[in-house]
Amino acid sequence: MTVLLVDAANVVGSRPDGWWRDRAGATTRLLVRLAQLPERRLSGPDGGVVVCDGVVAVVEGKARDVPAPDGVRVERAGGSGDDALAACAARLAQEGTPLLVVTADRGLRARLPAGAAVAGPGWLLAALDETGCVPPA
C-alpha cells in the first residue's frame, strides 16, 4: 500500500489547458480526480503495480483555499509549496509510510528523503485516465 504525495501546482501546470486562467478551479478538478484513487491498483511508474492507500496533495498560492474532497488530505502551504511538500515527505517517511511523490521539479526531488520513490505528472495523469478517474463536468 502506498500514499501518493502530489505536488498539485506542478501537476496542474504540466498540461497547457488554460489552467492559468483559473488556478483554483484547475486544482479543484485535479483533487476531485485524485479522490477516486484510494484503494485502486495503478500501473506503477517502474512497470509494477502501485496500490494507492491514500492521497496527500500539497496546494499553494491562489489554490491554497480550495475545498478538500473526501479521499484527499490537503496540505495547504503557507509559503513555499516546495517547502511544505518536502516537510510532509519527511514526516511520512519518518512514520514509515510507503510513499510515491509526484512532481517534475528537480530541485524538489533533491530535497526528498533518501529512497523516496518519485514519478512525474505525466505518469499520474496517465494513471488517472487509465483508471477512469474523470474530471467533474
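Each value in this text was obtained by applying a stated rule to the coordinates, not by laboratory testing. Note that the structure is predicted; figures quoted are calculated from it, not measured. FYI the Cβ positions are ideal-geometry reconstructions off the backbone, even for glycines, and counts take in every protein chain you see.
Odds and ends about this structure:
- GNM flexibility winner over the chain from E95, E39, E60 (Cα, springs under 10 Å): E95
- q = 0.11, 0.16 Å⁻¹: log10 I(q)/I(0) that the Debye formula gives for the chain, counting C-alpha atoms only: -0.34, -0.75
- Neighbour counts of C-beta atoms inside 10 Å place V118, V72, V6 in the sequence V118, V72, V6, starting with the fewest.
- Placing dummy labels 7 Å off each Cα toward the beta-carbon, the span from A126 to R40 is 1.5 nm.
- Alpha-carbon centroids, region 1-36 and region 63-137: separation in whole Å: 10 Å
- For region 7-15, putting each phi into the Karplus relation 6.51 cos²θ - 1.76 cosθ + 1.60 with θ = phi - 60° gives couplings of 7, 4, 4, 5, 5, 4, x, 7, 10 Hz, in residue order, rounded to whole numbers and with x for Gly and Pro.
- 222 nm mean residue ellipticity, helices alone, for the chain (DSSP H n ≥ 4; -39,500 (n - 2.57); rounded to 500): -9500 deg cm²/dmol
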